[in-house]
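The structure under discussion appears below in the form of structure tokens.
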Amino acid sequence: MIFSNSTRVAAGVAIGISVFTGTLILSPRGRAQDGSDDAARIQIGFAEAPVKLNLAGKSTAEVAMVGLGSYLVNVANDCNFCHTSGGPPNFNFLANHNPYFLSQGPTQTDATQYLAGGTPFGTALPFNVGPGTAYGAYLGPGIVTRNLTPDKNGLPEGGHTLTQFMDILRTGVDMDHIHPTCTSPTGGPGGTPTPANCIPPPVNGNVLQVMPWPDFQNMTNGDIQAIWEYLSTIPCIDNNYSPPPAGAPNELRNNCGN
């Protein structure tokens, strides 16, 4: 079962919404006593999903969670703004559909770049190095956003389970360890060792430095699961064209089973 944002999601989704919102009524953590807010979010989520969604094998409750996850990813937040693999001038928007430009068509996301990662955040981020000191510059490894699309098994971010995904959003742990506090020295010209590339204190290189996990960490388990369920249904993209993070040439690659 594959849906796009132009498809009217009818009976199956309606049943899923009923099941899902019914769960919220019984739950003390439910947002609305009658579940109406989530029913509306689910419907909006399906309408705003910019790519075809593969709902094969999903239960009715899981289908409803996909809709809620889409709302959280595409409406309440703009995850694709950072995690797109599109570059200037349109970045995450389809050419001639960038709402920030003059004389453009209706806003439209570039589905071929959707959540495939690869956006560079550079190596110069300001931070306060200590009391009485001026702002310095973070000169550690360059930060590149991750590919969030699922692998051939439908696991988001190239293979993370729900438990792992929750851990990432709760703690910010960098399970790939791409930006450690210090990298090992490498051989320079003539074999001369070059200095280790370090993220200076007090920055903790073991956690994601750009991803706003401190904002997301207090979401409910249901919200995080909804995001994970949604990410499991979007198309897999093997990003073999964006420059990967230094020292991790395969970080943006994805096994789509092709």
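The values are calculated or read from the model by the stated rules, or taken from the named source; none is laboratory data. On a predicted model such as this, the values are computed, not experimentally measured, just so you know. Heads up, the Cβs are rebuilt from the backbone with ideal geometry, glycines too, and the neighbour counts pull from every protein chain shown.
The table below gives the values:
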{"quantity": "Test: residue in the range 249-257 that is surrounded by 19 or more Cβ atoms within 10 Å (Cβ to Cβ), over 14 Å from Glu157 (Cβ atoms) and either in contact with a Gly (Cβ under 8 Å, 6 or more places away or on another chain) or not charged (D, E, K, R) (or both)", "calculated": "no"}
{"quantity": "Residue match in the range 196-218 (condition: in a loop (DSSP other than H, G, I, E, B), of a type in the set (A, V, I, L, M, F, W, C) and farther than 25 Å from Gly142 by Cα)", "calculated": "no"}
{"quantity": "Residue among Ala76, Ala61, Ala47 that alone is under 18 Å from the mean Cα position of the chain (by Cα) and surrounded by fewer than 19 Cβ atoms within 10 Å (Cβ to Cβ)", "calculated": "Ala76"}
{"quantity": "Some residue of the range 80-92 being out of contact with any Phe, Trp or Tyr (no Cβ under 8 Å at 6 or more places or on another chain), surrounded by 21 or more Cβ atoms within 10 Å (Cβ to Cβ) and without any contact (Cβ under 8 Å) to a residue 40 or more places away in the chain", "calculated": "no"}
{"quantity": "All positions within the range 130-156 that are modelled with pLDDT of 50 or more, among the β-branched types (Val, Ile, Thr) and more than 26 Å from Ile168 (Cα to Cα)", "calculated": "none"}
{"quantity": "Leu68 more than 15 Å from Thr233 (Cα to Cα) and either modelled with pLDDT of 95 or more or part of a helix (DSSP H, G or I) (or both)", "calculated": "no"}
{"quantity": "Every residue from the range 217-246 that is modelled with pLDDT under 95 and either of a type in the set (A, V, I, L, M, F, W, C) or surrounded by 16 or more Cβ atoms within 10 Å (Cβ to Cβ) (or both)", "calculated": "Pro244, Pro245, Ala246"}
